[in-house]
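Below you'll find the structure, written out as C-alpha cells, and then a few comments.
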Amino acid sequence: MSSQKIEELYNSYASDPTQDNLNAVVKGLKPTIDYQLASLGVSADPVMKSKAHVYAAEAVLNFDPEKSALPTFVSSQLRKLSRDRRSMSGPIKIPERMQLDSYALYRAEVDFEDKNGREPDDIELSDVTGFSLKKIGQLRSGSMATPTEMAFADGQQEKDSPDYLDEATNYVYHDSDHVDRKLLELKTGYGRKSENFIPMKAKDIAAKLNISPSQVSRRSLRLSKKINEIKGALES
C-alpha cells in the first residue's frame, strides 16, 4: 500500500478515532508488519503475528505525524518483536497448540469488538471460542486475581482465604451482567495475571464502559458486598 494511502487511513482515524478506523490503519500497515515478521523468520507463528498487530496498533495510537512517517515509526516499534522471539526461543517453549489457541482468543476478541462496538467479557469470549474460563485464564498466562473490599476501594489486591474468596468471586462473576463482569475484570484483575495487572481508575472504567463514575462506585460497592457475603457464608 502506498504511503499516501496509509496517510489517508491515518487521517481518517485521527479525525474519527473509532475501532474500525484503527483496524483499517493496522490492515494498511500489513506490508510493514509482514516484513518485520519475515526478517525474524516468524511469519508462520500465530502468537508473533498477534503480538505484531498489537504493537502496530499501539504505535498508531502513539504516532506523532510531525516526527516521522507512520510506516517508519511502526517499524521502530516492531523491533520489540526481537525480544519476544528471544524469549519464546528460550528453554521454556509455548506448545504449538497453546500458540494457536492464544491467537484464536485474540482474533475472537477483535472480531467481537468489531461486530459489537465494545470489548467482550470472559463469559462472552467463552461462548464464542468454546474455551472454558479456566482455559482463557491459562492462555493469558496468569492466575486469577480475586477482589476484596480493599481492591474495590483503591485498586489494591490482597490475599485472604483464597479458596473461599475465589469461589465467591466466581459465583458473583457468573451471576452478573456484562457491565459488572467487565468491572470485575478491569478493577480487580479477574482472569488476568495478578503480578502484571494494573487496575484502572474509576473515571477510566466509566469512560470505557460508558457509565458514570458514580455508577462505577455503586456497582463496585454492591459487588464487594455480594462477594463478602458469599465468602462469609462459605466460611461459616
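The values are calculated or read from the model by the stated rules, or taken from the named source; none is laboratory data. Given the structure is predicted, the values throughout are model-derived calculations rather than measurements. So basically every Cβ, Gly included, is an ideal-geometry build from the backbone, and we count neighbours across all protein chains shown.
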Just one of the numbered conditions (1) farther than 28 Å from Phe112 by Cα; (2) at pLDDT 85 or above is not true of Gly28; which one?
(1)
Limited to segment 209-236, what total is found for residues that are within 22 Å of the chain's Cα centre (by Cα) and of a type in the set (Lys, Arg)?
1
Regarding segment 43-50, can at least one residue be identified that is within 18 Å of Arg107 (Cα to Cα) and among the hydroxyl-bearing types (Ser, Thr, Tyr)?
yes
With the condition kept exactly as written, say whether any residue in segment 132-149 is among the hydrophobic types (A, V, I, L, M, F, W, C) and modelled with pLDDT of 85 or more.
no
Scope segment 28-70; condition of a type in the set (D, E, K, R), surrounded by fewer than 18 Cβ atoms within 10 Å (Cβ to Cβ) and closer than 20 Å to Leu100 by Cβ; matching residues
Asp34
Testing Glu119 on (1) surrounded by fewer than 16 Cβ atoms within 10 Å (Cβ to Cβ); (2) at pLDDT 75 or above; (3) assigned to a loop (DSSP other than H, G, I, E, B), one condition comes back false. Which one is that?
(1)
Would you mind stating whether Leu105 is surrounded by 14 or more Cβ atoms within 10 Å (Cβ to Cβ) and either at pLDDT 85 or above or not in a helix (DSSP H, G or I) (or both)?
no
